[in-house]
Structure formats: C-alpha cells, structure tokens
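Some notes on the structure that comes next.
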Amino acid sequence: MFSDLAVPKADPILGLTQLFAADSSPEKVDLGIGVYKDEAGEVPVLATVKAAERWLTETQMSKRYFSSAGNDAFNSATRSLLFGAQSDAFTRSRTVQAPGGTGALRLGMDFLRVARPGGRVFIPTPTWTNHGHLLAAAGCEVVNYPYYDVATGKLRFDAMMEALQDLAAKDVLLLHGCCHNPSGADLDADGWRAITDTLGRSGALPFVDLAYLGFAEGLEEDTYGIRLLARRLPEVVIASSYSKNFALYRDRVGALTIVGANAADSDRAYEHLMPLARALWSMPPDHGAAVVAHVLGDALLAADWRQELAEMRTRINMIRALLVKHLGGAARDYAFLSRQRGMFALLGLSPEAVRTLREEHHVHMTGTSRANVAGLNIANVERVARAIASVSDL
Ligand SMILES: Cc1ncc(COP(=O)(O)O)c(C=O)c1O
C-alpha cells in the first residue's frame with residue numbers, strides 16, 4: 001500500500017522555493033535556484049530562440065517520430081560546437097540527443113555499464129548533487145575524489161591527483177567541463193594536461209559534464225579541456241546541456257556525445273546507445289533541439305546567439321567582481337570568487353549564517369551556502385555583500 005511507504009526526505013531545492021515564496025520582504029533575493037537571471041531579475045527567452053520558434057511554427061509540416069537519436073541537424077551542430085567541424089574529433093564522434101543535460105548524463109551512465117563493465121565512477125567532492133542520484137539510478141559504483149576546499153576557496157589539486165592514481169582501465173572519471181557546480185573553480189590548462197596524462201596512463205574513460213558551455217571564458221575557450229582529451233585519448237564521453245546557454249531550461253535540450261578511437265568504433269558504440277535511449281524515453285522532445293539546430297545552422301542567428309551568450313557571461317563576471325569589491329570589509333578574504341567562473345559560488349558559510357541571511361536579510365541560498373551570483377544585480381549586490389559580511393563569522 002502507498003500508505004506503508006516511508007516519508008521521503010524533502011527536496012532541499014523545493015523547500016528553498018517555498019521559503020522564498022513565503023518571504024514577504026520587497027527586498028528578498030533568490031540566490032538558490034540555478035537559472036541565469038538578467039539585470040531585471042528575469043529569466044527571459046532569448047531573442048534568437050524567439051526568432052527560431054517563429055520560423056519553426058511557420059515551416060514545420062509534420063511532427064512524425066524521428067529515431068531514438070533525435071534531431072540529426074542538432075546532433076551534428078553539437079559536435080561542431082564541441083570540437084569544430086574540421087577536427088579529427090568531429091569525424092570520430094557520434095551524438096545522440098537527450099532530454100536535457102540530465103538525460104544525457106543518465107544515458108551516458110547506462111552506457112558505462114556496456115563500455116566499462118564492472119568499472120567504478122570517480123566523482124569530485126563536492127559535485128552537483130544529482131550526479132550521485134543519477135549514478136545510483138544507473139547502478140554504478142561511485143568513488144569520491146577530493147576536488148575543492150571550501151575553507152580556502154582553492155582546488156585540492158595535489159590531493160585529487162593522488163586519488164586519481166587509483167584509476168584502473170575499466171574505471172570512469174567524471175569531470176566538469178567548465179563552471180564547476182557548486183564551486184565555480186575550474187581546472188586550468190596545466191590541470192587539464194595533468195589529468196589527461198593520468199587518464200592516458202590508466203586507460204580510464206573521461207566522462208565530461210558540460211552544462212555551462214560559453215558561461216566561463218567563451219565558446220571556444222570553454223572547450224579547451226574536452227578538445228585536449230579528445231586529441232590525446234582514444235575515448236571520451238560528453239554530456240551537453242543547452243538549458244543555460246540557450247535558456248531553454250524546461251524545453252529539455254541536451255546531447256550525449258561519444259568519441260571513439262575511430263569512426264567505426266564510434267558507430268559500434270552508437271548502436272549500443274540507441275536501445276538504451278529507447279528504453280529510457282523512446283525519443284527525446286524535438287522542439288528545443290529544432291530551435292538550437294536552426295539557430296546554429298543560420299550564420300546570422302548564430303552570430304546573434306553568440307552575442308546573447310557573451311552578454312550573459314559578461315554580466316555574471318561583472319557581478320562577481322562587484323561582489324568581491326563590496327565584500328572587501330568582511331573578516332574573510334573573498335578574492336577567490338573573482339577567479340572562479342559560472343553562476344555558482346560556495347561562500348563557505350555555516351548553516352546558522354545561511355539561516356540568518358534568510359531570516360534577517362531576506363537573502364536566500366542553499367544550506368551549503370551555494371549562491372547563484374546571477375541572482376544579483378547592480379542595485380542589490382552591495383546590500384547582499386554587506387549582509388554576507390555580517391554573518392561570515394557566525
Ligand atoms: C553540473 C550540471 N550538470 C547537469 C545539469 C543538468 O541540466 P539540465 O537542466 O539540462 O538537465 C545541471 C543543471 O543545473 C548542472 O548544474
């Protein structure tokens with residue numbers, strides 16, 4: 001009976017939404033949910049997406065099924081974005097469309113049981129909480145490796161490299177492509193090279209979660225890690241999300257890309273992906289993928305989208321700089337925040353400080369003190385910085 005079921009643990013993000021809705025202060029600020037907001041606090045539909053949607057409404061004549069791989073034009077455009085259309089990795093790779101980055105991760109994790117049977121999946125500490133849930137659902141064994149030190153605001157690079165000595169050929173290493181969630185601390189070029197060497201020696205498979213392409217330094221720059229892996233290693237798996245860089249959150253647009261040692265190997269792997277996708281969702285939703293394919297396939301729209309993406313990135317980095325400036329009087333040195341990228345920052349506050357921020361200053365963030373800096377704007381950043389400084393020693 002359903003009545004016999006245990007009461008499940010409340011979803012912390014859902015709880016945050018309720019607390020925010022219940023806060024009646026006109027000054028309340030939501031730094032919890034992971035969506036990009038503009039200076040006015042809106043999560044708008046991009047102009048290029050609107051243009052592609054108009055085109056789609058006028059020209060789409062059929063909504064017949066595609067295959068489990070989804071939209072071919074979208075899949076090819078994804079590989080171009082990841083590697084460049086002239087690259088060896090483009091030729092050696094195959095892409096399957098998936099419902100969001102989450103769907104791509106889940107499909108990839110099901111594929112790991114085929115590609116690396118009996119292998120363990122090494123995931124960073126900390127990481128996006130859903131990684132653990134997805135790996136559990138796919139039945140993968142998890143090993144945590146140290147990645148980031150909340151107290152110092154720095155990567156735990158040496159500890160990470162030591163932990164990765166344990167990787168074996170049948171294992172998998174999960175990496176964030178850029179804008180690490182929740183810390184915002186990314187590997188630099190030397191870090192990527194060291195990890196690539198370790199993977200080369202061990203034969204373990206890199207599995208890159210790329211949910212924020214274009215949000216860190218730029219569309220090309222943010223592919224540094226995946227392109228290096230694909231150049232130097234025979235096999236790479238990449239889960240892409242278009243939720244943030246196209247602001248298509250609830251349209252569920254994502255892709256799983258596999259790079260094999262050669263095109264024939266990738267074709268074989270692709271044939272394994274198809275029945276896995278069919279068992280998960282039969283075929284992914286087309287609307288958002290058709291929009292992305294149209295934008296990326298039209299030179300003018302693509303240029304406009306790059307501009308819209310650059311505006312989002314520039315605003316995030318500007319807010320980071322302002323936050324650090326206004327935190328200047330705090331007991332802790334927050335300069336590390338300006339060296340990190342993407343929407344998230346781990347402030348290293350105690351649960352009591354997070355509660356005080358919410359109850360006394362109407363600033364809402366997750367209990368781990370992960371703040372979405374895109375929830376700030378020029379008008380409120382100083383007040384929020386002062387509030388953070390006032391609770392940082394609690
Ligand atoms: C690190 C990371 N991976 C994947 C995703 C999944 O994104 P999507 O909404 O496309 O499923 C997110 C979303 O917040 C994320 O932060």
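The values are calculated or read from the model by the stated rules, or taken from the named source; none is laboratory data. Please read all numbers here as calculations on a predicted model, not as lab measurements. Here the Cβ positions follow ideal geometry from the backbone for every residue, glycine too, while neighbour counts run over all protein chains shown.
Miscellaneous remarks
- Counting only strands (runs of 3 or more DSSP E) that sit wholly inside the stretch 93-158, those with at least 1 residues that are surrounded by fewer than 18 Cβ atoms within 10 Å (Cβ to Cβ) and more than 16 Å from the ligand (Cβ to nearest atom) are 141-146.
- Condition met for Ala321 (surrounded by fewer than 16 Cβ atoms within 10 Å (Cβ to Cβ) and in contact with a Ser or Thr (Cβ under 8 Å, 6 or more places away or on another chain)): yes
- Residue match in the stretch 320-341 (condition: farther than 24 Å from Glu220 by Cβ, in the same structural domain as Phe215 (by TED's automatic domain parsing) and either hydrophobic (A, V, I, L, M, F, W, C) or away from the ligand (no atom under 16 Å from the Cβ) (or both)): no
- Among the residues of the stretch 216-235, those that are without any contact (Cβ under 8 Å) to a residue 60 or more places away in the chain and either outside the structural domain of Arg116 (by TED's automatic domain parsing) or aliphatic (A, V, I, L, M) (or both) comprise Leu228, Leu229, Leu233.
- In a residue-by-residue description of the stretch 191-198, the property of being aliphatic (A, V, I, L, M), surrounded by fewer than 23 Cβ atoms within 10 Å (Cβ to Cβ) and in a helix (DSSP H, G or I) applies to at least one position.
- Residues that are outside any helix (DSSP H, G or I) and crowded, with 17+ Cβ neighbours inside 10 Å, drawn from the stretch 344-367: Phe344, Ala345, Leu346, Leu347, Gly348, Leu349, His362, Val363, His364, Met365, Thr366
- Scope the stretch 201-244; condition within 10 Å of the ligand (Cβ to nearest atom) and in a loop (DSSP other than H, G, I, E, B); matching residues: Ala211, Tyr212, Tyr242, Ser243, Lys244
- Selection status of Ala69, outside any helix (DSSP H, G or I) and among the aliphatic types (A, V, I, L, M): yes
- Boolean, Pro275 is assigned by TED's automatic domain parsing to the domain that holds Tyr148, away from the ligand (no atom under 16 Å from the Cβ) and part of a helix (DSSP H, G or I): yes
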